Amino acid sequence: HTIFLKDYAPTPYSVVAVDMDFKITEAGTRVRTQMTIEPRPETEPGTPLVLDGDGLTLQSIAIDGAPLMMVAYTTDDDGLTVVEPPFRRFVLETEVNLTPETNTKLMGLYRSSGTWCTQCEPEGFRRITYYLDRPDILAPFKVRITAPRDIAPVLLSNGNLIDKGEAGDGMHFALWEDPFPKPAYLFALVAGDLGSITDTFTTSSGRKVDLAIYCTHGKEAECLYAMDSLKRSMAWDEKRFGREYDLDVFNIVAVSDFNFGAMENKGLNIFNDKLVFALPETASDANYANIERVIAHEYFHNWTGNRITCRDWFQLCLKEGLTVYRDQEFSSDERSRPVQRIHDVENLRITQFPEDGGPLAHPPRPDRYREINNFYTTTVYQKGSEVVRMLATLLGEAGFRKGMDLYFERHDGEATTIEAFLKVFEDATGTDLSQFSRWYLNAGTPAVTASDSYDAASQTYTLTLTQKTAPTPNQPDKPPFVIPVKFGLIGPNGSPMGWTAVAGGTVKDDLIVLDGDSVTLTFTGVANRPVPSLLRGFSAPVKLSTNLTQQDLLFLARHDSDPFNRWDALQTVATQLMAAAATGSQPASADVDALRQAIMDTLGDPALDHAFKAQVIAMPDETVIARQIGRDVDPSAVAEARHALIRAIVGPVAERVEALHAELQVIEPYSPGAAQAGRRSLRNGLLSLLTAGSDRGAALAEAQYHAASNMTDRYAALAISAHNWTKAAPALLGDFRTRFGGDPLVFDKWLVASSQAPDDAVIERLRAILAAPDFPRTNPNRLRALLGSFVMSNPAQFARADGLGFRFVTEAAAEIDKVNPQVAARVLTGFRILPLLEAGRREAGRAALEALRNQHTLSRNTGDIIDRILAG
Ligand code: ARG
Ligand code: ZN
């Protein structure tokens, strides 16, 4: 059934304190929980106490030490009800036995490579003990863990270690206390035989914090970059947001079976090991950047998420959107701001725009859900961050910081809402944000149209902006959003163009605020026809279309002072040409020549850095081209048109591109830093162009693969070969597999590269990989590397006209769903592209989903995704 935001009500009882006692053995885990409970002032005597429980079997239950009679409580699939609890403060004690070793859903307490670990967000704690498992129930926790010393010398939980010692029979114990009241989703426990690296950080007020990262023995050296990232994150949050760490210890544990990236449990973050481990030989530059980003993200949650948490799961974006904004800002400060911005926007366009424009569209703050796990989405995370970014743009840096300071001051220790978040900015700056709040409440990507004209006689420049948002599921009408449009006018010589007066709407410095359906601005005193640079820095998450000609766009690509728009202008030209070609209108050769010239000029510009150039020459993703076409898309035609344009661009300049590729080789020892990484990314971008666009690339890629001294260069050469299915590709894939066979994270890279092959036999090969008896089919990373990347990044094969790609995925999902519903549901979200496809493929995709729904008993996770896609 569906849960609605409007039905929110506090629980009749609150939890004052929690005491847990875990006894862990190879045979199973016994969990005893003592909760101190209190009726709320407004609660009527006799109101039942309803606790959540999932897959638990109650062993014993007592109140204030006295066992309960059978008639005093009931249990069912959803939990435990105490029929008539005392009308005063009391202690409820329950006991359950768990078998973490058979927990393949990886929610609650489970074992990963022998290590006991937990994942509780959002509703995993109820798989550990009966509890009021919702984020508005905050309590301090004390956790005692007893386990065999030989198999679990390391015993960790949240907060500070207050006692430890022998427990007889080869057992030992640890007692942890977390003084900060927290919701159960932030609970964590780890027990195992782990190695570690340690360090310390002294906060600005002088608190010395012991830092540790725990991992499989032998992997310690691979954790050093993560530790370095952690210390930089701690320093950055003090400097940029005035936020200090608040406990004496901060622990991170890397585990190999994990449903997503990482988890911000108070004082004990648990990570998917792919976001911790890095060595130059086995991790790429992109992996390093991701580790830095996610370490920062989870650390930043300590204030935005843990100290201030969500009242209910509808508010997820309160912590996730804000924390993504914070991690993006961190990466921008640590690396190149423009490149980071381009990167983040590219990601938004490739993942969030398709979500927002399809059957799974939902607002950043949804108002209903059937399965909350299906709402940890790119909309909540990435669009949520864009909404915070717009706030910062509208309020200015100082106003935004004032609001954030007030947020921390006013809501510390609370479980709160998006409304409360917006209110602090209103109160701190005196701004009315009621219309702005629509960004949180409404789904869909606004389409903004800009058209302009210039009248030389009166030196008047007119710019009209309009907005329109298409209906999304459950939201037929879209009132106008508040859209901050950063802009500049550029004169014929490439320098900024001024005006003496502007009428018709609000323009403040370089910012137009479009808050109605349309605005027409009249600039007077404009000496020449300007080219407008709109939406600088991607100041709002909208789809902008303009009346600019290709010539205007390439002018922007050369002259705009805003690096984002320089990149975007060139990308727009390439996307438009590819979209046109894919729908039957071949680009004029003059247009291709002009684009090529702009690309080569960018490459030759000494003022631009390598990482930026790499972004400029990266050709638009097939998804972006498909979105530009909008409907009745044939993904094979898109892939072909993309390829053809790359050939047309590169052909005449292949020799120069090859020379540049050679020049850019890095000879100094590997460093993951932005400068070297930027150089490598440009070099590999050139290799990609050459391989797709000329006959010179294939051999070069093969040679680079063999000569590479780091994973970035080797993997780039492999992926480029596989993606273009060069003659050497099968042999390189074979070599890569044996060379790194033993390292699961490198195996994932092999799976990703394998899933990208465009040839018609790719599905057969993937089927065989998945069916191999030793394929680790319960590990989320392996499954996502194989299926997730096939679905998201190989649209031509996934959406094959004969339906083979769709069926391959639904058949695999049916099996995975029995083991781990979250992974199955996530893979199936790839079907959200169906409405974009031409009718034949669309029907084949629907048929595959319908067969899956009809022939199997599905989890709520996958059932929900399929129903929404088929309804949309
Ligand atoms: N809170 C974690 C993070 O973003 C992720 C938890 C994901 N949970 C889920 N059910 N998908 O840092
Ligand atoms: Zn997060």
Reported set for region 1-54 where residues are part of a strand (DSSP E or B), over 30 Å from Asp150 (Cα atoms) and not aliphatic (A, V, I, L, M) is Phe4, Tyr13, Ser14, Thr36, Glu38, Pro39, Asp52
The condition from (1) part of a helix (DSSP H, G or I); (2) over 22 Å from Lys23 (Cα atoms) that Glu101 misses is numbered (2)
Mind counting the residues in region 449-478 that are among the β-branched types (Val, Ile, Thr), closer than 26 Å to Phe353 by Cα and assigned to a strand (DSSP E or B)? 4
Quick one: how many residues across region 79-120 are of a type in the set (D, E, K, R) and farther than 29 Å from Glu42 by Cβ? 4
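Yes/no matrix, rows are residues, columns are (1) of a type in the set (Phe, Trp, Tyr); (2) out of contact with any strand residue (DSSP E or B) (no Cβ under 6 Å at 6 or more places or on another chain); (3) under 23 Å from Leu247 (Cα atoms):
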site	(1), (2), (3)
Val143	no, no, yes
Ala147	no, no, no
Ile151	no, yes, no
Leu156	no, no, yes
Ile162	no, no, yes
Gly168	no, yes, no
Trp176	yes, no, yes
Phe180	yes, yes, yes
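To keep it simple, each residue is scored yes or no on (1) within 15 Å of ligand 1 (Cβ to nearest atom); (2) under 21 Å from Thr25 (Cβ atoms); (3) crowded, with 18+ Cβ neighbours inside 10 Å; (4) aliphatic (A, V, I, L, M).
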position	(1), (2), (3), (4)
Phe87	no, no, no, no
Glu101	no, yes, no, no
Thr104	no, yes, no, no
Ser112	no, yes, yes, no
Does region 829-845 contain at least one residue that is crowded, with 24+ Cβ neighbours inside 10 Å, farther than 23 Å from Phe375 by Cα and out of contact with any Asp or Glu (no Cβ under 7 Å at 6 or more places or on another chain)? yes
Filter region 262-298 for residues that are among the charged types (D, E, K, R) and within 22 Å of Lys182 (Cβ to Cβ); which is farthest from ligand 1 (Cβ to nearest atom)? Lys266
Kindly indicate which of Lys239, Lys208, Lys266 is under 29 Å from Asp150 (Cα atoms) and not acidic (Asp, Glu). Lys266
Would you please name the residue that is nearest to Ile24 (Cα to Cα), looking only at residues in region 133-155 that are over 28 Å from the mean Cα position of the chain (by Cα) and aliphatic (A, V, I, L, M)? Ala147
Say whether the condition of being without any contact (Cβ under 8 Å) to a residue 24 or more places away in the chain and in contact with a helix residue (DSSP H, G or I) (Cβ under 6 Å, 6 or more places away or on another chain) is met by at least one residue in region 86-93. no
Taking only region 299-318 into account, find how many residues are within 17 Å of Arg240 (Cβ to Cβ), within 13 Å of ligand 1 (Cβ to nearest atom) and either within 16 Å of the chain's Cα centre (by Cα) or in contact (Cβ under 8 Å) with a residue 24 or more places away in the chain (or both). 5
Against the condition buried (at least 23 other Cβ atoms within 10 Å of the Cβ), under 30 Å from Thr466 (Cα atoms) and modelled with pLDDT of 95 or more, how does Ile629 come out, does it pass? no
Give the number of residues within region 355-383 that are within 16 Å of ligand 2 (Cβ to nearest atom) and of a type in the set (A, V, I, L, M, F, W, C). 3
Tell me which residues, restricted to region 496-513, are in a strand (DSSP E or B) and in contact with a Ser or Thr (Cβ under 8 Å, 6 or more places away or on another chain). Pro496, Ala501, Val502, Ala503, Leu511, Ile512, Val513
Looking only at region 320-378, filter to residues that are hydroxyl-bearing (Ser, Thr, Tyr) and within 16 Å of ligand 1 (Cβ to nearest atom); which one of those is surrounded by the most Cβ atoms within 10 Å (Cβ to Cβ)? Thr323
Counted residues, region 476-491 - those being crowded, with 17+ Cβ neighbours inside 10 Å and closer than 19 Å to Thr379 by Cβ: 4
Selected residue (criterion: nearest to ligand 1 (Cβ to nearest atom)) from residues of region 71-85 that are of a type in the set (A, V, I, L, M) and over 24 Å from Ser859 (Cα atoms): Val82
Among the residues listed as Lys239, Lys164, the single one being surrounded by fewer than 21 Cβ atoms within 10 Å (Cβ to Cβ), within 21 Å of Lys319 (Cα to Cα), of a type outside the set (A, V, I, L, M) and free of Cβ contacts under 8 Å to residues at least 12 places away in the same chain: Lys239
Inside region 760-828, counting only helices (runs of 4 or more DSSP H) that do not spill past its ends, which hold 1 or more residues that are farther than 24 Å from Val276 by Cβ? 762-771, 789-793, 795-798, 804-819, 821-828
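The values are calculated or read from the model by the stated rules, or taken from the named source; none is laboratory data. Bear in mind that the values here come from a model prediction, so they are computed numbers and not experimental data. Here Cβ is always computed from backbone atoms with ideal geometry, including for glycine, and neighbour counts include all displayed protein chains.
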